[in-house]
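*Asks:* First, the structure itself, so that you have it in front of you.
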2 protein chains.
Amino acid sequence: MKTKLFLSIALAAISLTAFAQQALFDKNEIVSPQINADNTVTFRLKAPKAVQVKITGDFLPTVKQQTNFGLIDAPGAADLKEVDGVWTWTSDKLSPELYSYKFIVDGMDMLDPSNIYRNRDIASFTNIFIIKGNGDDKGTYYSVNDVPHGTLAKVWYNSPTLKITRRMTVYTPAGYDNGKGKYPVLYLLHGAGGDENAWSELGRQTQILDNLIAEGKAKPMIVVMTNGNVTQKSAPGESDQGMYKPGFRGDGAEKAAASMDESFKDVVNYIDGHYRTLANKPNRAICGLSMGGGHSFAISKRYPDMFDYVGLFSAAIFMGGNQNGQQQTLEQQMKSSGADKQLATLFSKKPKLYWIGIGNSDFLYQTNADYRKYLDSKGYKYEYMETDGGHIWRNWRIYLTTFSQKLFK
Amino acid sequence: MKTKLFLSIALAAISLTAFAQQALFDKNEIVSPQINADNTVTFRLKAPKAVQVKITGDFLPTVKQQTNFGLIDAPGAADLKEVDGVWTWTSDKLSPELYSYKFIVDGMDMLDPSNIYRNRDIASFTNIFIIKGNGDDKGTYYSVNDVPHGTLAKVWYNSPTLKITRRMTVYTPAGYDNGKGKYPVLYLLHGAGGDENAWSELGRQTQILDNLIAEGKAKPMIVVMTNGNVTQKSAPGESDQGMYKPGFRGDGAEKAAASMDESFKDVVNYIDGHYRTLANKPNRAICGLSMGGGHSFAISKRYPDMFDYVGLFSAAIFMGGNQNGQQQTLEQQMKSSGADKQLATLFSKKPKLYWIGIGNSDFLYQTNADYRKYLDSKGYKYEYMETDGGHIWRNWRIYLTTFSQKLFK
């Protein structure tokens, strides 16, 4: 009966063409991307009237591009070939990883209409796909596997310091909803242009933690993903600030009631007040990427008794600051800002882990090298990871996978 | 210091062109859609090489289109005009509503790259925007306003009946996280091709309930949005069933361990076991659209002591069924399936509300008219709402807004 019922709906709807009713039927029968048995990937686009179709993606050989910062790696492009109006291109064999791409049709960026998986990074979208390996690889860790899953919630909390009610994303691990135990907490911060959705969407936080916890490689933990723009209530479109077009922005501290580090106590108070947390230093970690690395740097030194684990991913700390028109060295800035003394206090309390990760072609590489030199000069202990590539999510997913396995042990 | 810090990042990144770093800067300075003061809307697309650019959307005058089911309303299209490579078109004044649209560039569907707000319906995307009115209007109810917000969570639960662990979306109203009170529950079901994300994304469930509850027009309630495809663990890409391309599908009952109605007790048990619910008939409601209307029909009659409120939105119930090759009337099907007796039991227990809503050009209109005739013939009481238009989300948002205000009072 059921079968007949829905077959009837299908047959009824197939001849309808109204806008919404149309969604019941997919007129686009192209398969793209098609992951082949040998891990090459075939891309297809139906575009009978196009003159030129290219693909650009992070699986293509990079090209060196001259910038103010010297040569950097930019993603290459490849030409699709057309037969009967369908343009096709097949990649080399790809290693396990999450990849991003888009088409360029007669000079205009266009997503792959056959691929519903898309990530937004500020105001740009790219399609994504994942190549999985045989288990212990990035593709597998970034995929949803047949393991117990945590709960991901969009939660509103009041920030008395910022004087606004704000949104954050809270991951509670598998078992939390069915138990009574208390859990450690990782605070995971995004970069400039991002929001409280960035880590769970672009960063695959939920998949990475579900998988690592299931394998016993990471401790079950709560993960709190805040919005690091202190004038912003939520991701674009999710608050009464409206459906505006996001752009690059810093945290907005200059216009806000307080800075991210000053207001961060509100977040920790809310989480400790509403979740079953182990509410002490050995059971709290903080890390973030880029601006969020800068925030993690600032928050950890502001509250030296709060976190035993600190992670700076491609962190934006003290870049090109100047005083009275004079360019300052990082060491000068550490002193003039008071960070010098705060870090002395932080490290005197012996955090269990101070961790730094950066890509070897990141535009913040030199700043981070200067900061490591400073830490070395003071004898402050830290762990360091250097990866290939620049200021990109591919690296930040690696850093989360690595850092989260070191926590609360 | 903060300002300088992030300005520096901005200046540093502006000259970089690597794929991900590039997302920091939006090269596309076009504003689209631009909602003008008089509620006309201007759309723009930069496409210097395009020969023809059209827009299609549900704000355009519909055109009559001949189908097997007679004339139906299909969305019209309008031509954009090009100046210096930028194509432009301005709509008439629009009344408060959530609107959908896309461009057609040289015959190929394309989203508006300047508008990050997009809804997926099965495998198709459209851009969306909202025209707000002065308060008591659809545009306002579908917007995020400055009111207390509920929490939206993606939750995994075990279904012993279906023998799989599955994902659902659970809305807990503002105040739930800070209180100890118990709440009534609305179970809100999607249609064929949809999943547990459909109502919160396409249906604006979170905004509608936040707003109605804030105004005291709806009671604070938990809203549970299940996945109605009984072979599916979750929305596409969110389970180990992989990142496949979704298509039209029914609930898959013919291949599953059990039907949606048989397995629905697992959902109710989980919710009553994990949330502070008022776990009785006067405090439970169920409604759904299309296939989910069929499910609401089936579940409510299967468990006549479970729900005091039932809503059928453009419901797919008993369409064109046949036995031994003979087309059956709805009344014949009611008898041969046993629904006749189940409904007699259901209505003997006097549900507080049995509610039916449908559009006057819905392809399921006649089936629903037959069903109402059947209910009338039995003297079963129901409320009925008829709206303009077809089998579309615009109607389902109206029905949720209307139905949810009638519950638990």
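*Asks:* 7 Å along Cα→Cβ for the label point: how many nanometres lie between B:LYS182 and each equivalent label in the other copies, listed shortest first?
*Replies:* 3.0
*Asks:* Could you pull the copy-to-copy label distances for B:THR402, with points set 7 Å along Cα to Cβ, in nm to one decimal and sorted shortest first?
*Replies:* Ordered by increasing distance: 5.9 nm.
*Asks:* While we're looking at this one, here's another question. For the protein assembly as shown, give the magnitude of the charge dipole about the Cα centre (Cβ charges: +1 Lys/Arg, -1 Asp/Glu; no others), in debye to the nearest 20. Before the final figure, lay out the partial values.
*Replies:* On the way: 94 positive and 82 negative charges, 454 e Å.
With only Lys, Arg, Asp and Glu charged at Cβ, the dipole is about 2180 debye.
*Asks:* Provide a whole-number value for the mean count of partner chain Cβ atoms within 10 Å of the Cβ atoms in peptide A:152-161.
*Replies:* On the way: counts 7, 8, 9, 7, 8, 2, 1, 0, 0, 0.
Partner-chain Cβ atoms within 10 Å, mean over residues of A:152-161: 4.
*Asks:* Separation between the A:ASP92 and A:GLU215 pseudo-spin-labels, each 7 Å from Cα along Cα→Cβ, expressed in nm?
*Replies:* 2.6
*Asks:* Nearest 0.05, what FRET efficiency do B:HIS274 and A:LYS163 give at R0 = 25 Å with Cβ-Cβ as r?
*Replies:* Working: r = 34 Å, r/R0 = 1.35.
Between B:HIS274 and A:LYS163 the formula returns 0.15.
*Asks:* Return the loop-located trypsin sites (Lys or Arg not before Pro) in region B:246-288 (DSSP other than H, G, I, E, B) with at most 15 other Cβ atoms within 10 Å of their own Cβ; answer none if there are none.
*Replies:* Working: sites: B:ARG249, B:LYS255, B:LYS265, B:ARG276, B:ARG284; in loops: B:ARG249, B:ARG276.
Here the trypsin sites (Lys or Arg not before Pro) that fit, given the DSSP loop and packing criteria, are B:ARG276.
*Asks:* OK, next. Please give the Cα centre distance for region A:131-158 versus region A:379-400, rounded to the nearest Å.
*Replies:* One Cα centre to the other: 20 Å.
*Asks:* As I understand it, the dipole of the protein assembly as shown uses +1 on the Cβ of Lys and Arg and -1 on the Cβ of Asp and Glu, about the Cα centre. Which of A:PRO236, B:MET110, A:ASN36 lies farthest toward its positive end?
*Replies:* Comparing the listed Cα positions along the dipole, A:PRO236 ranks first.
*Asks:* Moving on. Can you give the helix-only mean residue ellipticity at 222 nm for chain B, where every DSSP H stretch with n ≥ 4 adds -39500 (n - 2.57) and the sum goes over all residues, rounded to the nearest 500 deg cm²/dmol?
*Replies:* The helix contribution divided over chain B gives -7500 deg cm²/dmol.
*Asks:* Inside 10 Å of the C-beta atoms of A:247-253, what's the mean count of C-beta atoms belonging to other chains? Please list the in-between numbers first.
*Replies:* On the way: counts 4, 9, 3, 9, 4, 3, 5.
The shielding value for this peptide is 5.
*Asks:* Next up: Taking 0.36 nm per intervening residue step and subtracting the Cα-Cα distance, what contour gain separates A:LYS180 from A:SER336 on full extension?
*Replies:* Values: separation 156, 0.36 × 156 = 56.16 nm, distance 4.73 nm.
Using 0.36 nm per residue and subtracting the Cα-Cα distance, I get 51.4 nm.
*Asks:* Looking for one value pair here: nearest-to-axis residue in chain B (by Cβ) for the rotation onto A, and the distance in whole angstrom.
*Replies:* B:ALA153, 2
*Asks:* Projecting each Cα onto the charge dipole of chain B (Lys/Arg +1, Asp/Glu -1 at the beta carbon, about the Cα centre), which of B:SER377, B:SER159, B:GLN327 comes out farthest on the positive side?
*Replies:* Towards the positive end, the residue furthest out is B:SER159.
*Asks:* Okay, moving on. Only sites in a loop by DSSP and with at most 13 other Cβ atoms within 10 Å count here; which chymotrypsin sites (Phe, Trp or Tyr not before Pro) in region B:201-270 make the cut? Write down the numbers at each step before the final one.
*Replies:* Numbers: sites: B:TYR244, B:PHE248, B:PHE264, B:TYR270; in loops: B:TYR244, B:PHE248.
Passing sites in region B:201-270 are B:TYR244.
*Asks:* If you take the beta carbon distance between A:ASN360 and B:ALA257 as r and set R0 to 51 Å, what does 1/(1 + (r/R0)^6) give as a FRET efficiency, to the nearest 0.05?
*Replies:* On the way: r = 52 Å, r/R0 = 1.01.
Taking R0 as 51 Å, the efficiency between A:ASN360 and B:ALA257 is 0.50.
*Asks:* May I ask for the distance between the Cα centers of region A:220-242 and region B:257-322, given as a whole number of Å?
*Replies:* 34
*Asks:* With +1 on each Lys and Arg Cβ and -1 on each Asp and Glu Cβ, how big is the dipole of region B:145-404 about its Cα centre, in debye rounded to the nearest 20?
*Replies:* Working: 30 positive and 25 negative charges, 125 e Å.
The calculation lands at about 600 debye.
*Asks:* So how far apart, in nm, are the two label points at A:THR329 and A:ASP240 if each is 7 Å from Cα heading toward Cβ?
*Replies:* 5.2
*Asks:* Give a quick list of trypsin sites (Lys or Arg not before Pro) in region B:86-190 that DSSP marks as loop, anything other than H, G, I, E or B, with at most 16 other Cβ atoms within 10 Å.
*Replies:* Numbers: sites: B:LYS93, B:LYS102, B:ARG118, B:ARG120, B:LYS132, B:LYS138, B:LYS154, B:LYS163, B:ARG166, B:ARG167, B:LYS180, B:LYS182; in loops: B:LYS93, B:LYS132, B:LYS163, B:LYS180, B:LYS182.
Filter output for region B:86-190: B:LYS93, B:LYS163, B:LYS180, B:LYS182.
*Asks:* Given Cβ point charges of +1 (Lys, Arg) and -1 (Asp, Glu) and nothing else, what value in debye, to the nearest 20, does the dipole of region B:31-131 about its Cα centre take? Numbers along the way, then the final one.
*Replies:* On the way: 10 positive and 12 negative charges, 36 e Å.
For this selection, approximately 180 debye.
*Asks:* If the label for B:PRO148 sits 7 angstrom from Cα along the Cα-to-Cβ line, what are its distances to the same label in every other copy, in nm to one decimal, shortest first?
*Replies:* Label-point distances to the other copies, shortest first: 3.3 nm.
*Asks:* Taking 7 Å along the Cα-to-C-beta vector as the label spot, tell me the A:ALA77-B:SER348 distance in nanometres, rounded to one decimal.
*Replies:* 7.2
Laboratory data are not the source of any read-out in this text; all were calculated from the coordinates shown. All values derive from a computational prediction rather than experimental measurement. With ideal geometry, Cβ positions are generated from the backbone for all residues, glycine too; neighbour counts draw on all protein chains shown.
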